[in-house]
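The values are calculated or read from the model by the stated rules, or taken from the named source; none is laboratory data. Fair warning: this is a prediction, and the values are worked out from it, not measured in the lab. Cβ coordinates were reconstructed from backbone atoms using ideal geometry, including for glycine residues, and neighbour counts include every protein chain displayed. Surface areas here come from the heavy atoms of the whole protein model, side chains and all, with no ligands, DNA or RNA. Shrake-Rupley method; radii C 1.70, N 1.55, O 1.52, S 1.80 Å.
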Amino acid sequence: MAEVDTEVPPLPPRYRFRDLLLGDQTFQNDDRYQEEYSMDSTNAQVQVEFYVNENTFKERLKLFFIKNQRSSLRIRLFNFSLKILTCALYILRVSLDHPSTQSSDEFSCCQTLSTRQRDSNTTSSAEIDWSLIFCVNRRTPVWAIQVTVALISFLETMLITYLSYKGNIWEQIFQISFILEMINSVPFIITIFWRPLRNIFVPVFLNCWLAKGALENMINDFHRAIQRTHSAMFNQVFILICTLLCLVFTGACGIQHLERAGKHLTLFDSFYFCIVTFSTVGYGDVTPQIWPSQLLVVILICVALVVLPLQFEELAYLWMESQKLGGNYSRHRAQTEKHVVLCVSSLKIDLLMDFLNEFYAHPRLQDYYVVILCPTDIDIQVRRILQIPLWSQRVIYLQGSALKDQDLMRAKMDDAEACFILSSRNEVDRTAADHQTILRAWAAKDFAPNCPLYVQILKPENKFHVKFADHVVCEEEFKYAMLALNCVCPATSTLVTLLVHTSRGQEGQLSPEQWQRMYGRCSGNEVYHIRLCDSKFFGEYDGKSFTYASFHAHKKYGVCLIGVKREDNKSILLNPGPRHIMASTDTCYYINITKEENSAFIFKQEEKHNTGLPVTGLYDAPSRLPVHSIIASMGTVAIDLQNPDPPEDSGKLTLPTENGSGSRRPSIAPVLEIADSSAILPCDLLSDQSEDETNQSDEEGSVGSDFVKGYPPNSPYIGSSPTLCHLLPQKAPFCCLRLDKGCTHSSFEDAKAYGFKNKLIIVSAETAGNGLYNFIVPLRAYYRPRKELNPIVLLLDYPPDNHFLEAICCFPMVYFMAGTIDNLDNLLQCGIIYADNLVVVDKESTMSAEEDYMADAKTIVNVQTMFRLFPSLSIITELTHPSNMRFMQFRAKDCYSLALSKLEKIERDKGSNLAFMFRLPFAAGRVFSISMLDTLLYQSFVKDYMIAIARLLLGLDTTPGSGYLCAMKITEEDLWIRTYGRLFQKLCSSSAEIPIGIYRTESHMFSTSESQVSINVQQGEEHRERGESWKEKTAHRNSTTSDQSEHPLLRKKSMQWARRLSRKSAKPSSRAERISQQRLNLYRRSERQELSELVKNRMKHLGLPTVGYDEMNDHQNTLSYVLINPPPDTMLELNDVVYIIRSDPLAHMPEDSQVGQQARSRNQQDFGTETRDETHL
């Protein structure tokens, strides 16, 4: 039996006509089966035949004519051809018919209808020759063909009626199609038996309606055969067109025939009359003359008034429904055009504009189409945006689900260049939003395995589910790592945000403020890549060290080389150090205002060497190219970093003198082409460690004396990158992690009792999510000096679970406390007066609101309260919507904020993607929105390395040999370096560090009142006088130096008012003005005292000392901003914070500890005064 089962022949591929007549004969004539299934006395078996359908002749006919898709389609096509043939024969008969020449004796059947002679020239509308209406001149060949067609149609109609009979014969008889078939076929069949009726008129032109029905059924069968279900709109348009054609054809043929007894219109005249009538034009040059034709016109108009509105109504309804669904993206367009698919849960206007602006900011993506696949109805604002001509031709909205293959087919996912799957971050349950994203990613990968996936995930624990995607951005990973670096490297969030946004570098260039022009110009810097052998920037440094290439490329071209990738290695290395020798196959990653391919080169160096002139730069003459085509757009960049008079030798800087003694200004050592192990400090970190090891007992006592380096033993989620960190030798008990409650191991109950040496970092979050782990790791990384580790306090709305505590208990000085930022007692207990940074993380429960932009209301008000209570505290806030950052540190009467608001509107009207960049909280790095990092995922479509570089900068990934981001502060001892270019050389030659930008803080005037303006101006002048002592030695300040004497007001009236206030501050004020200022100062002093008394009373109530709070000063009259890759001639200023990429300390670790110790001591002796003082953290 098993043998029989394995040898059963397959079913036939289609139902054939032989099967219709003979049935299924598979098993009837096979002797092998007869022998095997023969009856036996011992083993009796019965052969059973199974049929899918009832094995009767009627059922087989029904299967062939109706049920089977292919055969039914062929039958309908044959039927449609017959109907078209009959209409064509009617036209042929009309063209051969000449009613003026026919006589009544030729038609004996029509002799009883009229007894008078016809005269075509004298026939009037009152006298109708009915013989011309009922009888026509039909030639024998035409009659024979029409009879044959009629006979076939009659038999087919009767057969179909029989097969579709369901018990009610009258229902079948009174169908319109059956009646029309009988009218057009039975008269011709009768003429076979009665010859005199061969010339009787038969309205064969009515077969057009039967042809219309056959065509509709044929189209339906065709769509069913090819499994096409989204064809309702096409069907309705097709039906409407067919209805109009049938009405016109019926009217033209009917009027032409009836007018045989009247005006003798031709078929074309009748067609012309119908078109003019149905179009409501009505010229009147052609009109029916007899009442039968006029009656037919009335009937046709009535039918048209009933049928056509119904058709148009159905079409309008389907069109509106198709507008909601968005239609289809045709296969032809998908094969001839390039498109990407954007899958989202709900499409908001901000998300859409961020994607479109960033995606189409790249020139090579201008011809791409964006197909949006969203399950919800299109929003009204989104619809309005998509109707703008700029986007209507390039963006297609489809309503559908990514989990349905039909919708993915509509979006032509298999032909797409990429698929972006974004999570809905406004959901209350972010885990559920991640689950939806995961399913969308799986569905897209299943449907189109070769389509690159760009996935955005919210929770880090869900990241490993989509690790198959080409690029993945985990929101909480980036968010917490960026907020953590903001505490040690100020405004890291602004630095990274500007790097991952596409900008023209023209923002703020029309502003009267120097800092806005400089800040906007430097914001145009982005990360680009190029192979060394193809580069003019770096091609000449083949075989040189990385540090040498980075410095000289910056000196010569103004570009900042930050990383490199070997051809045989997939890992990107940030600042691999001087021991990395550049090869021609290396891929270089650099920061510049535009990529090298879009740069203009003006080489004048050789000419000046030949003429004996000093080399001043590459851009001596102003370029007429646009900003996006000019390298760095910074003017002269190849500057002399030494004395104004160049030395006679090769132009390299001389070595520094001993301690810089004498009247000569200290000089900087040159950057060597090949690394010298004895001349380069292995790493500042190592010397810091040695200092910690030798002096720790004196400085820190028992606190932190037993830290070890290692990898965290417990990771809270799968997929976290292992990072070498400072750890405790033994895990701390969970009870010791609670800051505000003592335990058997410790009796401390507040931050003051712990006696921390460094300022605290407080993190306010709703829950202890796994992403919070990424906040701790960068602050406890092994390259952070041990003596500079800041205690971390987690202020959580809900206590963390043991799983999270197990992950953080191995880190030193990490504590948690249950509380909220809107509770003053909780803030005081967690040590806010001893904190340097407070990080306020956006809460999941407040991310959704009835009004979208109100989701940040609670956070903004709470931060504003802390801003008033603790003015010197650096508060770093995360917001849901970037547009709400204008409310951070809000001053109601601040004219400067009003001017910045106007500047933001101007930049937005110009099409800037960074219109919010001039808001002071964002420029200073005090506010951040994770939605600003969405562009990181969008940019990875063009720059597939951006995510990897961002993760290395933020410390999320640690690659052996790759450097890390840190910062150094410019002190008074460092001001002798003067310029950023000299600092670049200093860092490269001494410690092999690569600077990438400056964080600058300036005293500024906020014109909220006259007294405050005058005070700020005086303070700014005093500050400048203190800093001018070292500037007098230089020739003059560069144009890039910020001019603090200019006032930050854009409107003309505001600028005049500010100048008037400045003049008033220098002149003796009147008595009334002095009284007004005194009253205002008294009011402000009383308000400040009231707030101070409130805080002190609460501190006394909690048993906390108030000494620390008295030391808090108001430093709000400053502005800070980030300068990415400033030009080499940018002057350094006091308290500038320089962003540097420091090479990996482990990559330069000596193998022998003694040799390493001697090298460190020797380096400290040689370069101690030169490097440790100028480049210390």
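Test Phe468 against the stated conditions and say whether it is in a helix (DSSP H, G or I), closer than 21 Å to Asp944 by Cβ and over 17 Å from the mean Cα position of the chain (by Cα).
no
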For segment 449-465, how many residues meet the condition of being part of a helix (DSSP H, G or I) and open to solvent by less than 10 Å² (accessible area, probe 1.4 Å)?
1
Inspect segment 163-174 for any residue being open to solvent by 50 Å² or more (accessible area, probe 1.4 Å), more than 60 Å from the chain's Cα centre (by Cα), of a type outside the set (A, V, I, L, M, F, W, C) and modelled with pLDDT under 85 and give the result as yes or no.
yes
Inside segment 548-576, can you point out the residues that are under 12 Å from Gly961 (Cβ atoms) and over 35 Å from the mean Cα position of the chain (by Cα)?
none
Among the numbered criteria (1) more than 23 Å from the chain's Cα centre (by Cα); (2) farther than 23 Å from Gly520 by Cβ; (3) among the hydroxyl-bearing types (Ser, Thr, Tyr); (4) open to solvent by 10 Å² or more (accessible area, probe 1.4 Å), which one does Ser897 miss?
(2)
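Among the residues of segment 481-492, is any open to solvent by 10 Å² or more (accessible area, probe 1.4 Å), outside any helix (DSSP H, G or I) and closer than 30 Å to Ile998 by Cα?
yes
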Only one residue in Gln864, Gln889 is assigned to a helix (DSSP H, G or I) and polar (S, T, N, Q). Which one?
Gln864
Kindly indicate which of Ala416, Ala441 is under 17 Å from the mean Cα position of the chain (by Cα), under 19 Å from Thr336 (Cβ atoms) and small (Gly, Ala, Ser).
Ala416
Sole miss for Asn1097 among (1) under 46 Å from the mean Cα position of the chain (by Cα); (2) of a type outside the set (D, E, K, R); (3) at pLDDT 80 or above is condition (1)
Residue set Val298, Val307, Val286, Val281; condition without any contact (Cβ under 8 Å) to a residue 60 or more places away in the chain and in a helix (DSSP H, G or I); output residue Val298
Kindly evaluate Leu408 against the criterion of being open to solvent by 10 Å² or more (accessible area, probe 1.4 Å) and over 30 Å from Asn774 (Cα atoms).
no
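Could you list, in sequence order, all residues of segment 798-820 that are within 22 Å of Phe756 (Cα to Cα) and either aliphatic (A, V, I, L, M) or open to solvent by 40 Å² or more (accessible area, probe 1.4 Å) (or both)?
Across segment 798-820, the qualifying residues are Leu805, Ile808, Met813, Val814, Met817, Ala818.
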Return the pair list, or none, for Cβ contacts closer than 9 Å from residues in segment 730-741 that are farther than 11 Å from Met813 by Cα to residues that are basic (Lys, Arg) and part of a loop (DSSP other than H, G, I, E, B), at least 6 apart or on different chains.
Cys735/Lys741
When you scan segment 356-374, do you find a residue that is open to solvent by less than 20 Å² (accessible area, probe 1.4 Å), among the acidic types (Asp, Glu) and modelled with pLDDT of 85 or more, even just one?
yes
Selected residue (only one of Ile832, Ile821, Ile876, Ile860 is modelled with pLDDT of 90 or more, touching a helix residue (DSSP H, G or I) at 6+ places or on another chain (Cβ under 9 Å) and not small (Gly, Ala, Ser)):
Ile876
I need the full set of residues from segment 241-278 which are of a type outside the set (A, V, I, L, M, F, W, C) and in contact (Cβ under 8 Å) with a residue 60 or more places away in the chain, in order please.
Thr243, Gln256, His257, Arg260, Gly262, His264
Inside segment 188-210, the number of residues satisfying the requirement of being modelled with pLDDT of 85 or more and open to solvent by less than 40 Å² (accessible area, probe 1.4 Å) is 11
Checking Val793, Val703 in turn, the sole residue that is in a loop (DSSP other than H, G, I, E, B), within 28 Å of Lys1100 (Cβ to Cβ) and either modelled with pLDDT of 85 or more or of a type in the set (A, V, I, L, M, F, W, C) (or both) turns out to be Val703
What number goes with the only condition from (1) surrounded by fewer than 22 Cβ atoms within 10 Å (Cβ to Cβ); (2) outside any helix (DSSP H, G or I) that Gln436 does not pass?
(2)
Of the residues in segment 760-776, those that are open to solvent by 10 Å² or more (accessible area, probe 1.4 Å) and not in a loop (DSSP other than H, G, I, E, B) come to Asn770, Tyr773, Asn774
Could you say which residue among Asp801, Asp822 is closer than 24 Å to Gln864 by Cβ and among the acidic types (Asp, Glu)?
Asp822
From Lys536, Lys570, which residue is touching an Asp or Glu at 6+ places or on another chain (Cβ under 7 Å) and open to solvent by 10 Å² or more (accessible area, probe 1.4 Å)?
Lys536
Residue within segment 130-148 that is under 60 Å from the mean Cα position of the chain (by Cα), at pLDDT 85 or above, open to solvent by less than 30 Å² (accessible area, probe 1.4 Å) and on the phi < 0 side of the Ramachandran plot present:
no
Lys858 is checked against (1) in contact with a Ser or Thr (Cβ under 9 Å, 6 or more places away or on another chain); (2) surrounded by fewer than 21 Cβ atoms within 10 Å (Cβ to Cβ); (3) in contact (Cβ under 8 Å) with a residue 40 or more places away in the chain and fails just one. What number does that condition carry?
(3)
Of the conditions (1) at pLDDT below 75; (2) among the polar types (S, T, N, Q); (3) at negative phi, the single one that Gln889 does not satisfy is (3)
Among (1) surrounded by fewer than 20 Cβ atoms within 10 Å (Cβ to Cβ); (2) touching a residue at least 40 places away in the same chain (Cβ under 8 Å); (3) more than 27 Å from the chain's Cα centre (by Cα); (4) not in a helix (DSSP H, G or I), there is one condition Ser511 misses while meeting the rest; what is its number?
(1)
